[in-house]
Amino acid sequence: AAGGATTTAAGGSTNGTNTTRKPWPKPNCNSRDLSNGLRRLFLNMHNDYRGKLARGQTEVSAGWGIAPPAALMYRMKYTCDAESYAIQYVAKCERRALPEYTHPGYKANFHVLRTVDTTEAGAIQNALVSWWSELARFGMRSNMMFYRSEYRRRNRSVLNWSKMAWWNNKEIGCAVRKCDRFYLTACMYRPGGNDIDQYVYKVGAVCSECPKGQCDGQALCRW
């Protein structure tokens, strides 16, 4: 898949010691299908959501109360390889999910916004809010175990939320496309998540399984 430039640095920060933590990479790809500002929107919304979930204080899980904290939740990085698959995914304006062989090594989230009366940023926000809201609308058991039954919940599934939230999904790349009467948004995740009989994340004290010095202010683990 197309690659392009990799990343440039964001502003650095300290982690409570005398050492300065390396800046987290900002998205920067050669493709003109997406601006770096929209790439940052995709990445920052994902990491903001993951951080709120990891802290275990605010994210409502329907029928289960507040979702518990995460012992380990990685901060995501944006990659041009993932983006290239997302661009291909929305390129033909097909309003259906595509088979996994079209994006090897990734799992995809896909959203159709049935209006063009908004901006690309508006369509992105609509998609990510819709995916993440599955937790509050439909719920996930408090042990965060992903059972086979998750694939049988049909219109009450949390399969988009769980890819956004999966603890070791480190890489993301996305795309948005304005079509005739609708917007398409797609995001690619690696390694992907939604693995049967595995945890969306391990419940435990915040960052308790993140290496010392790598837990940031959002309760996400750097790598």
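Here, each number is a calculation from the coordinates, and none is a lab measurement. Note that the coordinates shown come from a computational prediction; the quantities given were computed from them, not determined experimentally. Neighbour counts run over all protein chains shown; Cβ positions are idealised from the backbone, glycine included.
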May I ask you to list the aspartates and glutamates whose Cα is less than 17 Å away from that of Lys202, ignoring any residue fewer than eight positions away on the same chain?
-> Glu59
Given Cα pairs under 8 Å that are at least 6 residues apart, what percent is the relative contact order of region 80-223?
-> 34
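Step through the table entries Lys52/Lys92; Lys26/Lys170; Lys107/Lys212, compare each Cα-Cα distance with 25 Å, and write down the pairs that go over it. If you can, show how the numbers build up before the last one.
On the way: Lys52/Lys92 35 Å; Lys26/Lys170 14 Å; Lys107/Lys212 30 Å.
Going by Cα-Cα distance, Lys52/Lys92; Lys107/Lys212 fall outside the 25 Å limit.
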Taking H as built 1.01 Å from N, whose amide H comes closer than 5 Å to the amide H of Arg21, not counting residues under 5 places away?
-> Ser13, Thr14, Asn15
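Counting other C-beta atoms within 10 Å, and keeping those with at most 15, which DSSP coil chymotrypsin sites (Phe, Trp or Tyr not before Pro) do you find in region 24-92?
Values: sites: Phe42, Tyr49, Trp64, Tyr74, Tyr78, Tyr85, Tyr89; in loops: Trp64.
Those satisfying the criteria are Trp64.
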Checking region 111-191 for chymotrypsin sites (Phe, Trp or Tyr not before Pro) in a loop per DSSP with at most 13 other beta-carbon atoms within 10 Å yields Tyr147
Work out, step by step, the length gained on full extension between Leu159 and Asn30: first 0.36 nm times the residue separation, then minus their alpha carbon distance; give nm to one decimal.
-> 43.4 nm
Taking a label point 7 Å from the Cα of Arg141 along Cα-to-Cβ, the residues of region 187-203 whose backbone nitrogen sits under 19 Å from it are 194-203
Which residue, Arg177, Arg75, Arg95, tops the fluctuation ranking in a GNM of the chain built on C-alpha contacts under 10 Å?
-> Arg95
Measure off 7 Å from each Cα along the Cα-to-Cβ vector at Lys170 and Arg148, then give the distance between these two points in nanometres to one decimal.
-> 3.1
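Given 0.36 nm per residue, what is the gain on full extension from Gln198 to Arg21 after removing their alpha carbon distance, in nm? Walk me through the numbers before you get to the answer.
Details: separation 177, 0.36 × 177 = 63.72 nm, distance 3.14 nm.
Additional length available on full extension: 60.6 nm.
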Specify the residue with the greatest mean-square fluctuation among Cys207, Cys29, Cys179, computed from a Gaussian network of the chain linking alpha-carbon atoms under 10 Å apart.
-> Cys179
Sorting Phe110, Ser162, Cys29 by the position of each Cα along the dipole of the chain (Lys, Arg +1; Asp, Glu -1; all at Cβ), the one nearest the positive end of that ordering is Ser162
Between region 68-90 and region 105-137, the alpha-carbon center distance in angstrom | 15
If you place +1 on the Cβ of every Lys and Arg and -1 on the Cβ of every Asp and Glu, how big does the dipole about the Cα centre of the chain come out, in debye to the nearest 20?
-> 140
Would you list the membrane-span-like helices of the chain, meaning whole DSSP H runs whose alpha-carbon atoms span at least 27 Å along their axis and whose mean Kyte-Doolittle value is at least 1.0?
-> none
